[in-house]
Each structure stands twice: as C-alpha cells, then as structure tokens.
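One structure below.
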Amino acid sequence: MVQKLFLKKLLESIHITDTEIINNQRTIFPFLQQTHTPIVNFGLDMLKSVILHKDFLIDEFMEWVGPVFYRDDCKTGIKRLIPHLEKIAKSKPQLAPQISEMLSDGFVIQDMDLQERISKSINKIGDFNDVKLRAKINDYQPLMLGNSKLLMDKFVMTELEEKIETVDYNFKTSNNKKLIRPIKLPQTWNELLFQFGNFILCEEMFEGEILLNSLVTKRNIFPVDFRDQVTSYLKQLENHYYEIESHEILKKYFISKIRNFNSPGTIRKSSYHKIKTTDVIIELLKVADSKIISGSSLPLLCLPTHYPYWIEPKELILRLLAYEKANEPVNPTDLSVAISRMPRENIEELKPLLFKLDFEKKALLEFCLGLNKEMTFTEQSLFDRIKSFIKIQNISEDKLALWAMAATTFYPDENFEKLNETNLNYIPFFGKPYLSPLVFSIKKNEWKDYRTQKMMANQWREMTISNPNYKKVPLPFIYGLDVFNFGDDYWSYAFYDKGSVYYWESLMPQNIEALANKILIANCKLAAASKNSMFGFLDVVLRSEFKLRYYGMNLFACCFFMDNKEIRIKAAEVLHMGMSQELLDINALGQSCANLINNEYGVFTRFIESIITVKDASILHNTALKMLVEVIFSNLDKKEKTPVNFKKIMECYYDLITKLDKSPSPNTKEFLTFYKDHSSFKKLISQILTPN
C-alpha cells in the first residue's frame, strides 16, 4: 500500500504529458480493473485528459472500463467520467449505443446521485428506438432510486402503472400454537443410551432435561451392566468442555451418577460463575437427585412435553395430582419453571381436573390459565417478615414468588397492587413492568507516553442500565434473580455462547425482558463488544414471535450497530421476517434506534446499511421501512452536526416515498425543514419536500 501511494505521488509530481499518456495507454488500461479503488480512480483521471485524442484506443478503453460501472467503491470516479463519455458519444455517434448500455450498468450501484446523473446522461445520448438498451433498462428498473425511474420512463418497455399499489402495515400480536411437536421420552434402554449422545452434541437444554428425567423415571429399564454400556459416553463427557455453564453443571452430575448411581451426585457450579440464575439448574438437580436416592419415579414438574421447552397445562395438572397422591412435596422452583413454560392452550378440558387440586394450587393455576384474575395468596405475617429480614428460609416468600412469577409471565404489562404491598416489592419485574432507562456515559482514559513524556488520552461512550443494588430474591422468582447492579466483572462468564441464551430463555420463554436486560449489560456496553450470544438472542426473537418489550426492543436495535457484520446480517434477516409477518412493532423499534443514534452508540453507517437491505423486498416491506424511518426522524435530536453518512437514510426515504407515491409525514417535514439549508442535504430535502 505504501509503495503504491509513493509511486502515485511520484507520477503526479513529474507532470506526465498527454503524449506520454498516449504512448503508455496500454500500460494504464489495466489500472481500471485493479481491486484497490485509488488505483482505478488514478487511472481514470489520467485517461480523461486524452479521451478525445486522435490516437486514443477508444475500443480497448471501452472494454477495460466496462466492469468499473458495477463497482460501488468506484462511484466517485464514475461520476467524474460521465461528462467525458458524453463527449465521446457526441464526437463519435457510432459509440453512443455502447456507451449508453455501459452507463445503464451503473444502476446496480445503490447511490441516488449517481443514478440520477446516469439517467440524465442516457436521456442525452441514448436512442429511444434501441431495443437492446430498453430491455437492459427494463431489467434494472427494480434497482432504480429516487427520480431515476421517472427519468427513464420513456426507455422502460412496459408502461408504468397509473396507480401504484399500496399496502398498509398493521402491527399485530401472534397467537400461534406452541404445543405442536410432542417430545418423545426414552422408553427403552437403547433409546436412553442414545439420549446421552443427544445431550453431548446439542446446544439446547431440553436434551439434558430429558436425560435427567429418564434417570429419575426409567430406573426400571437399567440393565445390570449399565455402567459398562455407558463407558464410551463417560469418556466423551470427561473430554468435552461446554462454554454453556448449565451444560457443564449437568455434565459433572451425569459423570458422577455413571460412576456411582446410588450415591448423591456432584452438584456444583464453577467458582468463577456467580450468576444467580444458574442456581435454578442447581436446585432442579438437587430435586432430581433426591428423587433418585429416595426411589421416587415422579418426573420433575418442569419437564417439557413439547419442543423446545413447552409444557402442556393438562400434563402439569396431572403431575401435581400425582405428587399429591404420592404425598411428595412440590419444590417451588420446579413449579415456577413449569408455570413459565405453560402456554394458555386447551384450557376448557382442564376445568374438571383443576377441582381435584388443593385450594392453593388450584387458585394459582386458574390465575395462570386466565380463568380467575384474583390473587388469593395469604398475607405475610409479622413472623414471616422477621424471618425475611434476618434471611431465614421463608416458605411464605416462595409462595409470593410463585404468584409474582405467574403475574409477570401472563400479565407482563400490568401492575398488581397486592404484590406491590408485600415486602418483596423492591425486586424488578415483581408483579409490575420494570423500565429502568438505558444510561449513556463518556469514559476517559489517560496515560503518559514513556517516549515523549506527554500525557495521552482517549475517550469512548458506554451504555448500561441503572439497575438497583442487589438484595435477596427468592429463587422461584426467576425474572428478578440477576436484574441488579453487581459491578463490572459480574457478567464476565455469563454469555460466551448462544447456548447460554437458549437455556435462560427456556426458563422464562413467555417474557424475555429479564433476559434482554442481562444481555444488554453483558454484551452491549460497547457496540464493539459483540459476542456469539447475540446470535442466540436473534434466534430467541424469532422463537418468541417478536414479543419484544422495552429491553428486548432496545437489544434488537443494538444488533444493527454491532461491529460484527454477521450479527448485523442476521438482524436484517430477522427484521425482514418481522416485517413480512407484521409482528414487529415499528414504532417501538424506531424509538429505540433513534435513542441509540442520539447518544452516538456505534457507527451510524452500520445501522443504515443493515436496515436498507429490506428495501424493495415487497411493497409491505417498503411501507414498513418508510414508517421506521419516519419514527426515527420524529425522535432524533435536531443537531447541526449529523452522523457520518446521514444522507444515506434521507436518500432511502426519498426513494421509498417515490416508489410508494406517498408524501412525507408532518413530523418528517418538520425534521427535514431544520436541515433544508444544509449544504449536503439541500437538494435532496428540496426534492423530498416538493411534490412532483
């Protein structure tokens, strides 16, 4: 690179004459097909001065320069070349058709200014009767931006429709069935052996849960030599490391049970892992292990019945009845996970079964299933409050946690005063929405350069959430376990892999706000701090059918600003899917994106290049994208200094309203009027605000 720049400056400094360029033109022509853009532009600049010279090899030049019109990185050089090509077409009319066709290839470059200049040039030199040219322009019609399509109207072989088709974007909430794919539990020893392999290879938690429950419920199918038969799996488990902490905990437990099945298993998490939500899997393992030791064959309440983690309401009620019949205690954390995994489906057939449950469980499940919205838990006594204060295990708090878990799962946007009156009302999400705002701050770092002895400094922006300081949370209330301020190092090992996101989602699949809060803190402090777990979140967005609230929508918006291009591509695919199904709240997404732009989070170019990938996918996508841009404009701060490449979002908007034959919204007009005298936007804003 340094050598190329040096040679370029050297050639410029010696002032090459036109005669020397003509004599060396065959040496210069290959410059036009170099991968390095400055070399291409340098070659074009050299050749422009001799393009009308009598000895200029115009035919060879046309062959070499043709591919340049497909290159987005060479658009500046193309703009400077167009006037010279027009001169060639006028001086040598026989070349006009070839030049017109070559210019039309420039429509593949998504640059509005360039396309309009190409359109005007073709109108000057192009022949309306040239069928080949018209066919080519007709093919490029879907790629045309802004006024280009109107300027090319007479060259398009099919007449433009008199009335442009329009489609309204109507945001809706999905009510698709969850209980679709039943989980088939192992019934034979061979199937149970195969389940070991499923667990080892799978990132999802349900394979481990199936295996764990098989150890509890299928002990009767174990052969006498079962340890010998699972030896190969034992070696695989011992040699396999999971970045997913929940898998590591399960792995250690399975290894210990293979070695000595009838003894208590190894149940512990890594010493460096302090995340409270991890204690949920620890608690479930303790419940399962106690069943194995005591000889109980009843499954865990939270064992999924349908992929990937759903529990059929009827099956949960039958399990609770089996527990009552066997006089086996119900673990609150086990029931809490089961409640969060239970969708409201097939409810009518459950009413006779509900009456067989004891009063407390019946009232709780009726609340979960929407049959009764009244909370009937017993108020805390003074003795319960004293036990809570001195941190003694409190059964009453566990019951409150179950009701709060049900309220946050099935009524996430409502505020339950009865829960707010308890001594646990300090916990985020406890029976009410939690909306602590995103906080953006400027960080600075100073140091002394040991060579120059000068003080050096740099600064950057960080984003975090002002969560409260930690206080004790009952384990059954999973939503609130980690939504606290724990310090910078707390999340170091929280989300290395997307499998961790899948596990956490499986504990609270019907409301992912707490999960999104955690990922925002762990992965989105800086736009340059993206990790693989962001891919997991985008999968969760699809699985949750875009049921995004405050934190979920902000996290989704952050994906478009990430430095990792693969994350931005995946986010654009998810955006495309959400718009096509009309499941994405465009207004909420636009507000989140505008907030990030206002606070200079990440690089604006990454954002705009990501969202415009959905443009022209369909009329519905164009309508939704227009709405998104208008919401962003309405919520942006009016500043003299705009983000780099801000013109690109204005060009996108102009192209959208042109194709949809729509006028700018009042808020958009107000926003753009503020910049109407801005030198970079003046012409474009005039086109947007002035109807055709």
| query | Just a yes or no: is a residue in segment 453-469 assigned to a helix (DSSP H, G or I) and exposed (fewer than 15 other Cβ atoms within 10 Å of the Cβ)? | reply | no
| task | Output yes when any residue across segment 253-262 is within 19 Å of Ser500 (Cα to Cα) and surrounded by fewer than 17 Cβ atoms within 10 Å (Cβ to Cβ), and no when none is. | result | no
| field | Ala363, sole failed condition from (1) at pLDDT below 90; (2) assigned to a helix (DSSP H, G or I); (3) surrounded by 11 or more Cβ atoms within 10 Å (Cβ to Cβ) | value | (1)
| field | Residues being assigned to a helix (DSSP H, G or I) and either of a type outside the set (D, E, K, R) or in contact with a helix residue (DSSP H, G or I) (Cβ under 7 Å, 6 or more places away or on another chain) (or both) - total across segment 226-262 | value | 23
| Quick one: which of Val224, Val216 is surrounded by fewer than 14 Cβ atoms within 10 Å (Cβ to Cβ) and under 20 Å from Ile293 (Cα atoms)? | Val224
| field | Leading residue by the ranking (surrounded by the most Cβ atoms within 10 Å (Cβ to Cβ)) among those in segment 296-334 that are among the charged types (D, E, K, R) and part of a loop (DSSP other than H, G, I, E, B) | value | Glu312
| Which of the following residues is touching a helix residue (DSSP H, G or I) at 6+ places or on another chain (Cβ under 9 Å), without any contact (Cβ under 8 Å) to a residue 24 or more places away in the chain and among the charged types (D, E, K, R): Lys641, Lys669, Lys648? | Lys669
| query | Based on what the data block shows, is Phe429 in contact with an Asp or Glu (Cβ under 8 Å, 6 or more places away or on another chain) and assigned to a strand (DSSP E or B)? | reply | no
| Just a yes or no: is a residue in segment 268-277 in a helix (DSSP H, G or I) and either crowded, with 21+ Cβ neighbours inside 10 Å or not hydrophobic (A, V, I, L, M, F, W, C) (or both)? | no
| Looking only at segment 553-598, which residues are modelled with pLDDT of 95 or more and among the polar types (S, T, N, Q)? | Asn554, Asn587, Gln591, Ser592, Asn595, Asn598
| Within segment 212-248, restricting attention to residues that are among the small types (Gly, Ala, Ser) and within 18 Å of Ile281 (Cα to Cα), which residue is modelled with the lowest pLDDT? | Ser246
| note | Selection from segment 177-201 of residues closer than 17 Å to Gly499 by Cα and touching a His at 6+ places or on another chain (Cβ under 9 Å) yields Phe199, Ile200
| message | Which count do you get for residues in segment 591-607 that are on the phi > 0 side of the Ramachandran plot and either over 16 Å from the mean Cα position of the chain (by Cα) or assigned to a helix (DSSP H, G or I) (or both)? | response | 1
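Yes/no per residue for (1) closer than 19 Å to Pro468 by Cα; (2) modelled with pLDDT under 95:
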{"position": "Leu402", "(1), (2)": "no, no"}
{"position": "Met405", "(1), (2)": "no, no"}
{"position": "Thr409", "(1), (2)": "no, no"}
{"position": "Glu417", "(1), (2)": "no, yes"}
{"position": "Asn420", "(1), (2)": "yes, yes"}
{"position": "Leu424", "(1), (2)": "yes, yes"}
{"position": "Gly431", "(1), (2)": "yes, yes"}
{"position": "Val439", "(1), (2)": "yes, yes"}
{"position": "Ile442", "(1), (2)": "no, yes"}
| query | Do you know which residues across segment 544-556 are in a helix (DSSP H, G or I) and either free of Cβ contacts under 8 Å to residues at least 60 places away in the same chain or buried (at least 24 other Cβ atoms within 10 Å of the Cβ) (or both)? | reply | Tyr551, Gly552, Met553, Asn554, Leu555, Phe556
| message | As an exercise: evaluate Pro343 against (1) at pLDDT below 90; (2) under 30 Å from Pro308 (Cβ atoms) and give the number of the one condition it does not meet. | response | (1)
| Can you name the residue in segment 159-183 that is modelled with pLDDT of 75 or more and of a type in the set (A, V, I, L, M) and is also farthest from Asp585 (Cα to Cα) among such residues? | Ile183
| note | Over segment 677-692, the set of residues surrounded by 13 or more Cβ atoms within 10 Å (Cβ to Cβ) and assigned to a loop (DSSP other than H, G, I, E, B) is His678, Phe681
| Single residue of segment 557-591 satisfying the filter (surrounded by fewer than 24 Cβ atoms within 10 Å (Cβ to Cβ) and among the small types (Gly, Ala, Ser)) that is farthest from Leu526 (Cα to Cα) | Ser580
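Residue-by-condition table, conditions (1) assigned to a loop (DSSP other than H, G, I, E, B); (2) among the polar types (S, T, N, Q); (3) closer than 16 Å to Ile649 by Cβ:
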position	(1), (2), (3)
Ile567	no, no, no
His576	no, no, no
Met579	no, no, no
Glu582	yes, no, no
Leu589	no, no, yes
Ile611	no, no, yes
| Restricting segment 462-476 to residues that are in contact (Cβ under 8 Å) with a residue 40 or more places away in the chain and out of contact with any Ser or Thr (no Cβ under 7 Å at 6 or more places or on another chain), the residue that is nearest to Cys558 (Cα to Cα) | Met463
| request: Evaluate the following for Gln115: is it surrounded by fewer than 17 Cβ atoms within 10 Å (Cβ to Cβ), in the same structural domain as Lys136 (by TED's automatic domain parsing) and touching a helix residue (DSSP H, G or I) at 6+ places or on another chain (Cβ under 6 Å)? | output: no
| message | Going through Met463, Met508 one at a time, which residue ends up being in contact with a Cys (Cβ under 9 Å, 6 or more places away or on another chain), at pLDDT 85 or above and not aromatic (Phe, Trp, Tyr)? | response | Met463
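The values are calculated or read from the model by the stated rules, or taken from the named source; none is laboratory data. The model shown is predicted, which means the values in this text are computed figures rather than measured ones. Using ideal geometry, Cβ is built from the backbone for each residue, glycine included, and neighbour counts are taken over all protein chains shown.
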